[in-house]
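Data block below; observations after.
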Amino acid sequence: MISLRSKNKEEGSRAVTRARPSFLGLALSLPPLLLVLIFVGLPIFIGFTFSLGFTKGPNRIISIIGQQIHVKNHWWGTFAAYSDVFHDSRFLGDLGLTLFVTVLSTVLVILMGLAISIYQRLIRSKQASVLVTLAIIPLFVPVVISAWAIHTFYGGDGFLRSFFAQFGISFPTLTSTASAIVIGSIWTSLPFAILMISSGMQGIPDALIDAAKDCGAPVARIIGHILIPLAKTPIIIAASFTAIGILGSFTIPLFLGPNQPTMLGVEISNFFGSYNRPQQSLVMAFIVFLAASGIAILYVWSNIKSAKESGRI
Amino acid sequence: MNTKDDMGLELRGLNKILGGRVIIDDLDLSVAKGEMVSLLGPSGCGKTTTLRMIAGFLPVDSGQIMVAGRDVTALGPDKRPSAMVFQNYALWPHMTASKNVAFPLKIKGLSKIEIKEKVEAALELVNLLHHKDSRPGQISGGEQQRVALARALVQEPDILLLDEPLSNLDAKLREKVREDIRELQRRLGITTVIVTHDQEEALSISDRVAVMNSGRIEQFSTPQDLYRQPQTEYVATFIGSLNRFEGNLQDGQIHGGTDVIGIRPEDLTIANEPLEGSHPGIVELVIPRGHFFEVVVRRQDGLFRAFTNENVPTFGEHVHVKIKKALRYQNGKLVA
Amino acid sequence: MRTIFRPARLLLNLSVLLMAFFILGPILWLAAHAFVSGWQYPHLYPSGFTFTWWSKVFMDSALKTAIKNSLILSPIVVLLSMVICLPAAYAAGRMNYWGRKVFMIGIFSANSFPKIGLFAAIATLYYTLNLMGTFVGVLIIQLLGTIIYMTWIPAAAFASVPRNLEEAARDAGASKFRVFRTITLRMAMPGILVAIVMSFLASFDEAQGSYLVGAPAIYTMPTEMYSLVQNYPIQVAAVFSILLALPSVLLLGLARKHIMGGQLADGFQLK
């Protein structure tokens, strides 16, 4: 919500005080914190050490089960597993595909989200609400089902091919291609992006748009200079989360993508399970983590930049 | 026949229906160039709707709007030669004061140097040059309003529209801002229309005031005329205080009847002894109002409110109230 | 509001049509297959209608087990999540304690990261703890997915209860507990309900992690889908999909007013 007030006033029940040490507060937050630390923090740490060749202790069993395990030869571990992965042409192909699909899908999702949200903000018509409602529908469908439904729809006996067959056109089978992954990724990412961007747009007061019109602004300028800058934060949130989500996705590329190259999410599962190379699997997982962190850092940096600009910091 | 030079704003036969209700009913208004007028009335009277139609945000159902002699009825707000200062100022929070003011000039395509000059001149006009790089969130409400004003003035509009300009300011600030606006408007000579529900505001700075009721203008005159010669009962009760009685006036006495009598508080005299045609009564309230007193006297079937500052009576005293001058209304209209 | 002229209106209606096709097409196409006896390419209509696939699904023991597992696990997961997370949400929403922001952002980051990598790391730990292929193992995975919803959304709900309402109740003589019960909890209830719905769905629809650590010993409905689509005809997959989507559609449909009305979006703002 855009506020024109200069000082922050907090309505609601949190007292407007500076954060202070509170035993009760920390105690109450302990259960979920512990759960996350033990089952997210710990595995990540142990997994990271495993990827560097630490095979004792909690990594003992997996080291016995797995193949092609590299054991550490320095105090800090070994880069052998990482070297394996980076020299694996399969991985490099996957990395390329993953980045390509992520960037393309994110851009398309944001463009669609912007188009629908801006349209809904400027022209309050029935079509606008219908578009928004449609865009949110995928939220209601579990990912596994979405992936399979899209597979059957665009597949060999799917609707698309059958439809064009009526006109004698042999439409290509889209499944097992990168395009299908892009379609599936867009389909599942739209709801969150629309919810974010549309709420950002709706929060812009009418007066700000009217004032621009009064100053003589044509629609393009209103969109570019007023609407988009004011909705910048939700747009960036939407873009970051969409990108991170697609980057590490598994089910969509599994059902819709080719066997090779595939997205890194699928490859991680392949290496861990079928190929029984857990160490290399974890190396890939950390590479994906790194990429996701990069996106997250971009998001935080842009947040800080815009907070500085608007004078909040 | 008015020449183009005389015309500030002309509204002819405006009509607007919203949600099945008639909001504006056959409204006419003629504002001279350089004149400052107010649209005054309670909420729901249609004054804001009228302003928005002048600005172009609301299309008219029928009628014409002429600004500086040009018919602008079919134009959108971006094409009209009007500039509006919104009630909550509507400054863009992500832009500095300078950028806010520069916005309309960028659209016109002026050069960077020209823009810088005009922006600084406009901010200088409202005494805010020192805040040119501040953001709206960093300055006070009154300062925000001045930036909004600068943004409107920098467009060199044919007509300036102000929507409830003083309602968000505190009392002390209001007087000062009122006078600043008046002084600025006189200096620049821009035709200005103000929308307000506050009669003190309207009466103190306008050349003429249009008192509105249910989508029509009941009277459009100078503040003095509105006060002294309110043409309708509605205007008489809306402007200033009024002692209102139903009945006829004969020899200074109120009798039963079909007319409506309105008496301004300063047209009542309070005396200790009966005067010719006076009414007896008991003092119920004595309210100090600064340099005068408001005295409420209860008489047999109603109250008199009078203003006086000599021989001020006390609570419970028996006094006699004489009517010096009265306004007579038949069917809501003033009769001589 | 100006009217939109002809060509623009045509374009708009076209885009609505395309959008409907893009979004609804796959779902309707799959759902239709649940009721057909056969549907050959390139026909746009099936060769016959039948309900037999429904009985086939309900009689298949593997599929029935998967359904049973899902229906047992998810309610337990949600209840556990409430017990673990709601006190933390209350604290985060109402007390401005040191480390609150770090806590919230930490929970958020843990959830935003690519899950499949996380599950691989968790699987490594599970081997050591002997949790692979166990109920508890799958339960923990699903529980992790609910934490973000059961902390952030109720925290925002608790934070939005105006303090002065509670103060007025205390002033009128109510005890702290009574105020909590009748005012705070009641006003935060819509947010908590949204959190419960989102958590239930997060658990019920959880596929990747459960697949990685549960298969082949334990299958829930979503993980069953992974193998089902390869081993059974498309009609079975269609029936199973409708069954799997049912709780989702019902619950989100009931809560949609709150979700689209802003509880969900509000819940993700850190104040």
Expected integer from the mean partner chain Cβ neighbour count at 10 Å over C:239-246 is 3
Stretched fully, the stretch from B:S214 through B:E117 gains (0.36 nm per residue minus C-alpha distance, one decimal, in nm) 30.4 nm
Distance in nm between C:L254 and A:I169 label points, each 7 Å along Cα→Cβ, equals 4.5 nm
Here FRET efficiency (C-beta to C-beta, B:R12 to B:R228, R₀ 35 Å, nearest 0.05) is 0.75
Per residue, the convex hull enclosing the alpha carbons of chain C has a volume in Å³ of 208 Å³
1/(1 + (r/R0)^6) with r = Cβ-Cβ of A:S89 and B:R186, R0 = 56 Å, i.e. FRET efficiency to nearest 0.05, evaluates to 0.10
Pairs over 28 Å Cα to Cα, from A:K126/B:K16; B:K47/B:K322; B:K16/B:K79; A:K213/B:K112; B:K79/B:K118; A:K213/B:K176, come to B:K47/B:K322; A:K213/B:K176
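Hey, got the average number of other protein chain Cβ atoms within 10 angstrom for residues in A:224-232?
Working: counts 0, 7, 4, 0, 0, 4, 3, 0, 1.
Neighbouring Cβ atoms belonging to other protein chains average 2 per residue here.
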Share of Cα-Cα pairs in the range A:252-313 beyond 13 Å, whole percent, is 70 percent
Highest GNM mean-square fluctuation among A:G203, A:G248, A:G25, for chain A with Cα springs under 10 Å, belongs to A:G25
Quick calc of log₁₀ I(q)/I(0), chain A, Debye, one scatterer on every Cα, no solvent, q values 0.11, 0.12 1/Å, result -0.92, -1.03
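At a 10 Å Cβ-Cβ cut-off, how would you order A:I228, C:I23, fewest neighbours first? Mind dumping the intermediate values first?
Numbers: A:I228 16, C:I23 21.
Arranged by neighbour count, lowest to highest, A:I228, C:I23 become A:I228, C:I23.
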By the mean-Cβ-within-10 Å protection proxy, highest first, C:50-63, C:117-130 rank as C:117-130, C:50-63
Treating only Lys and Arg (+1) and Asp and Glu (-1) as charged, each at its beta carbon, one finds that the range C:1-140 has a dipole about its Cα centre, in Debye to the nearest 20, of 540 debye
Along the range C:14-27, Karplus-curve 3J(HN,Hα) (6.51, -1.76, 1.60; θ = phi - 60°) to the nearest Hz, with x for Gly and Pro, reads 5, 5, 5, 4, 4, 5, 4, 4, 5, 7, 7, x, x, 5
Reduced to Cα centres, the span from the range B:27-70 to the range A:45-65 in Å works out to 78 Å
The long-range amide H neighbours of B:T73, using H built 1.01 Å from N in the peptide plane and a cut-off of under 5 Å, are B:I65
extent check for the range A:158-313: Cα max minus min per principal axis, descending, whole Å, gives 62, 51, 18
Note on the range C:126-271: contact order normalised by length, alpha-carbon pairs under 8 Å, 6 or more apart, percent, works out to 35 percent
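Under DSSP H, which helices of chain A have Cα atoms covering 18 Å or more of the helix axis and a Kyte-Doolittle average no less than 1.6?
Going by DSSP H runs, the hits are A:23-36, A:232-247.
Which whole number gives the average count of other chain Cβ atoms within 10 Å of the Cβ atoms across peptide C:135-146? Don't jump to the answer; show the numbers that get you there.
Numbers: counts 0, 0, 0, 0, 0, 3, 1, 0, 3, 5, 0, 1.
So the per-residue partner count for this stretch is 1.
Calculated FRET efficiency, C:M59 and B:R21, Cβ-Cβ r, R0 51 Å, to nearest 0.05?
Values: r = 64 Å, r/R0 = 1.26.
About 0.20, to the nearest 0.05.
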Answer in debye to the nearest 20: the dipole magnitude of chain A about its Cα centre, from +1 Lys/Arg and -1 Asp/Glu charges placed on Cβ, is 920 debye
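Return C:Y45, A:Y82, A:Y275 ranked ascending by Cβ neighbour count within 10 Å, so the fewest neighbours appear first. Could the numbers behind the result be given before it?
On the way: C:Y45 10, A:Y82 20, A:Y275 15.
Exposure proxy ranking, most exposed first: C:Y45, A:Y275, A:Y82.
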Of all DSSP beta bridges with both partners in the protein assembly as shown, the antiparallel percent, nearest 5, is 75 percent
At the level of C-alpha centres, the distance separating the range B:285-336 and the range C:7-86, in angstrom, is 80 Å
Between the alpha carbon centres of the range C:191-235 and the range A:230-258 the gap in Å comes to 20 Å
Within the set B:H94, B:H131, B:H291, GNM on chain B using Cα springs under 10 Å gives the largest fluctuation to B:H291
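For the protein assembly as shown, give the magnitude of the charge dipole about the Cα centre (Cβ charges: +1 Lys/Arg, -1 Asp/Glu; no others), in debye to the nearest 20.
On the way: 81 positive and 63 negative charges, 438 e Å.
With Lys and Arg at +1 and Asp and Glu at -1, about 2100 debye.
Compute the whole-percent fraction of alpha carbon pairs in chain B spaced more than 33 Å apart. Can you show the working numbers first?
Details: 22545 of 56280 pairs.
When all Cα pairs of chain B are counted, 40 percent exceed 33 Å.
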Between C:A174 and A:I123, the two model label points (7 Å from Cα along the beta-carbon direction) sit apart by a distance in nm of 4.9 nm
Placing each pseudo-label 7 Å from Cα in the direction of the beta carbon, A:Y275 and B:S43 end up separated by a distance in nanometres of 6.9 nm
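Quick one: compute the contact order of the range B:271-310, relative version, from alpha carbon pairs under 8 angstrom and 6+ residues apart, as a percent. Please list the in-between numbers first.
Working: 54 pairs, mean separation 12.0, N = 40.
Here the relative contact order equals 30 percent.
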Connecting every pair of Cα atoms under 10 Å apart in chain C and solving the GNM, the largest mean-square fluctuation among C:L212, C:L144, C:L254 falls on C:L254
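As a test, work out the antiparallel percent of DSSP beta bridges whose residues both lie in chain B, rounded to the nearest 5. Intermediate values should be presented prior to the final figure.
Working: 55 of 73 bridges.
Of the beta bridges lying entirely in chain B, close to 75 percent run antiparallel.
Sort B:E143, B:E276 by Cβ crowding within 10 Å, fewest neighbours at the top. Could you put the intermediate results ahead of the total?
Working: B:E143 18, B:E276 8.
Going from sparsest to densest Cβ surroundings: B:E276, B:E143.
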Compactness summary of the protein assembly as shown: radius of gyration and Dmax from Cα atoms, Å, are 36.3, 121
With Cα coordinates, the longest principal axis of chain B makes an angle with the long axis of helix B:171-188, in degrees rounded to 10, of 60 degrees
Ranking A:P58, A:T152, A:L97 by how far each Cα lies towards the positive end of the charge dipole of chain A (+1 on Lys and Arg Cβ, -1 on Asp and Glu Cβ), the top one is A:P58
Sorting C:L228, C:G38, C:L24 by the position of each Cα along the dipole of chain C (Lys, Arg +1; Asp, Glu -1; all at Cβ), the one nearest the positive end of that ordering is C:L24
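Every number here is computed from the coordinates shown, using simple stated rules; none is lab data. Keep in mind the model is a prediction, meaning the values are calculated, not measured. We place every Cβ from the backbone using ideal geometry, glycine too, and count neighbours over all the protein chains shown.
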